[in-house]
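Single-structure report; data block below.
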Amino acid sequence: MISVRNLVKHYGEVKAVNGISFTIRKGEITGLLGPNGAGKTTTLRILTGYLQPTSGIVSVDEFLVDENPIEIKKRIGYLPESAPLYPDMMVYDFLQFMADIRQIYDKEKIKDIAIQCGITEVMHKNINELSKGYKQRVGLAQAILHDPEILILDEPTNGLDPNQIVEIRDLIKELGKEKTVILSTHILQEVEATCNRVIIIDKGAIVADDSTSELKSASGKDIRINCIIGGVTFDAIQDALKNLQGIKLVQHIRDAGQLCHIQILTEASVDLRPAVFNCIKDNGWTLYEMTREYRSLEHVFRELTVGV
Ligand SMILES: Nc1ncnc2c1ncn2[C@@H]1O[C@H](COP(=O)(O)OP(=O)(O)OP(=O)(O)O)[C@@H](O)[C@H]1O
Ligand SMILES: [Mg+2]
């Protein structure tokens, strides 16, 4: 378990991180989402022990990051913003070098990790000959070489083409089956595609922390339910529904032949779909369609970080 309490980091006048707290449970794939300059990299650097916070407490299991840097580094695999590779080295030599530094003597380990990260065919190429996608794979390979329980990835798909992005996301998802993963990104689709939890940060502070699906459906001020109902006028529907508790507004979208399209706005805290269904049924009308409108994560993100 990773615990971050009241984390603050100031670079001189710049308040990069401003009192962030969160807990990451084992097995979660968490996206740290935020616009440029939000404080993602700073937070991840502090988590991995590469940067001292101005104040705050970060711990992994029972170890404090500032007091037990070796224990922390054993548990964490880190892929920084630009993959830390030596371009003149051959991939195999680079991984062997990293294995030596970390005192990993199992010869099979590099082979296994090469298979897992899909780099066996480039093991004898120089790193500077590799495409960005393959470089990122090598970066991931070095991050998992010592078999850490936690993977921290700073913008892992940044600068990759769409095919490479899909491949790296698949690899991260695969790794996430065994490991706790925290990745930073400013790409919403990344979080939707890869993560089961999202922490949105803006100007050094957390503005949302929820499961990806909950954030999409519940973080808004209201929920929209669209219905198509037959055998009734809009006025009659409005009259019947307005008595249900939790309904804020019933809007007429259009009439199509005998069918009336409506949209119902309800408070975010209640799911009124069963009550709406029962009301329609009790009145003897016919329900042709009922859908709940899910807001895109993009919508939520803009609302939280730009306010629109
Ligand atoms: N070494 C540094 N010295 C001074 N200011 C810094 C330093 N590193 C980051 N900052 C500032 O701290 C703030 C947060 O930066 P950080 O790199 O953590 O953001 P980020 O969310 O990772 O952004 P990006 O999406 O662009 O990578 C920014 O205002 C940045 O300019
Ligand atoms: Mg960054």
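Values quoted throughout were computed directly from the atomic coordinates according to the rules given, and no laboratory measurement underlies them. A quick note: this is a predicted structure, and the numbers were derived from the prediction, not measured. Here the Cβ is made from the backbone with ideal geometry for all residues, glycine too, and neighbour counts use every protein chain on show.
Couple of notes before you dig in:
- Tilt relative to the chain, helix 132-144 - C-alpha long axis, 0 to 90 degrees, to 10: 80 degrees
- FRET efficiency for the Asn128 to Val166 pair, using the beta carbon distance and R₀ = 22 Å, is estimated at 0.35.
- Comparing Val91, Val181, Val270 in a Gaussian network model of the chain (Cα springs below 10 Å), the most mobile by mean-square fluctuation is Val270.
- An oblate overall shape is assigned to region 39-189, the ratio a/c of its alpha-carbon gyration tensor axes (a ≥ b ≥ c) being 1.5 or greater and a/b not exceeding b/c.
- FRET efficiency estimate (nearest 0.05) - Cβ-Cβ, Gln189 to Ile253, R0 35 angstrom: 0.75
- Relative contact order of region 2-217, defined on C-alpha pairs under 8 angstrom at six or more residues apart (%): 30 percent
- Listed residues Asp88, Asp66, Asp282, most fluctuating in the chain (Gaussian network, C-alpha, under 10 Å): Asp282
- Neighbourhood net charge (9 Å Cβ-Cβ; Lys/Arg +1, Asp/Glu -1) for Arg75: -1
- Label-reachable residues, region 55-69, where backbone N falls under 11 Å from a point 7 Å from Arg5's Cα toward its Cβ: 56-59
- Distance (nanometres) between label positions extended 7 Å along Cα→Cβ at Glu214 and Glu81: 3.1 nm
- Rough spin-label spacing in nm, given labels placed 7 Å along Cα→Cβ, for Glu298 and Gln52: 4.4 nm
- Against the main long axis of the alpha-carbon atoms of the chain, helix 273-282 sits at an angle near 20°.
- Region 106-116 - phi-based ³J(HN,Hα) in whole Hz, Karplus 6.51/-1.76/1.60, Gly and Pro as x: 6, 4, 5, 4, 5, 4, 4, 5, 4, 5, 4
- Length gained when the stretch Tyr288-Leu64 is fully extended (0.36 nm per residue, less Cα-Cα span): 74.9 nm
- Against the main long axis of the alpha-carbon atoms of the chain, helix 162-175 sits at an angle near 80°.
- Euclidean distance of C-alpha centroids, region 83-108 and region 48-77, integer Å: 24 Å
- Sorted by Cβ density within 10 Å, fewest first, the residues Thr286, Thr266: Thr286, Thr266
- Over 29 Å between alpha carbons, listed pairs Lys111/Lys177; Lys74/Lys132; Lys203/Lys248; Lys40/Lys179; Lys15/Lys248; Lys109/Lys132: Lys203/Lys248; Lys15/Lys248
- Within the chain, percent of DSSP bridges classed antiparallel, to nearest 5: 70 percent
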